[in-house]
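All remarks here apply to the structure that follows.
The values are calculated or read from the model by the stated rules, or taken from the named source; none is laboratory data. Worth saying up front: this structure is predicted, and the values here are computed from it rather than measured. Cβ coordinates were reconstructed from backbone atoms using ideal geometry, including for glycine residues, and neighbour counts include every protein chain displayed. The area values use the complete protein model at the heavy-atom level, side chains included, leaving out ligands, DNA and RNA. Shrake-Rupley method; radii C 1.70, N 1.55, O 1.52, S 1.80 Å.
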Amino acid sequence: RYGLRVTVEEEGESSPLDETTRISLFRNVNELLINVAKHAKVDRAAVHVSNWVRDIMIIVEDRGVGFDPSSQRSEYGLFSIRERIHHLGGIMRVASKPGEGTRIILVTPLETTGSRTNTESA
């Protein structure tokens, strides 16, 4: 739809994700890639997925125009992603500078707090 070419690299053993985590990560990565297509002024992006024992890290990056992460205007667009990751018990980091591209790092537990609680009480 946007003409964005995306390379995806996966590192580590694939682990099954609970439905809440899987859906949230899909939405977040989708939204980040749409942001690249709309704002970065490039036609390529990269997604790196690293599976660890208890966490998954996803990096979405581009070599586009970048932005100042401290500006209110740029931060507003990432607010919903940050909130969804935080809800899963994870974190989001933004690294970007005007003219130097953008790198967004999402790290979240493989199991959400809610699914661990449900499993433990069963």
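For the reader, a short list of remarks on this structure follows.
- Close amide H contacts of GLY64 (hydrogens built in the peptide plane, cut-off under 5 Å, sequence separation of 5 or more or a different chain): GLY101, THR102.
- Between helix 72-87 and the chain: long-axis angle, C-alpha atoms, 0 to 90°, nearest 10: 10 degrees
- Long-range Cα-Cα pairs in the stretch 1-68 (distance over 15 Å), rounded percent: 56 percent
- Degrees between helix 19-35 axis and first principal axis of the chain (Cα, 0 to 90, nearest 10): 0 degrees
- The residue list THR21, VAL47, ALA37 was ranked by how far each Cα lies along the charge dipole of the stretch 1-79 toward its positive end, using unit charges on Cβ atoms, and ALA37 comes out on top.
- Normalised per residue, the accessible area of the chain is 66 Å², obtained with a 1.4 Å probe and no contribution from ligands, DNA or RNA.
- Mean separation of Cα contacts under 8 Å (6+ apart) over length of the chain, as relative contact order %: 27 percent
- Computed magnitude of the charge dipole of the chain (debye, nearest 20; Cβ of K, R +1, Cβ of D, E -1): 540 debye
- The simple spin-label model puts a point 7 Å past each Cα toward its Cβ; for ARG93 and ASP43 those points are separated by 3.2 nm.
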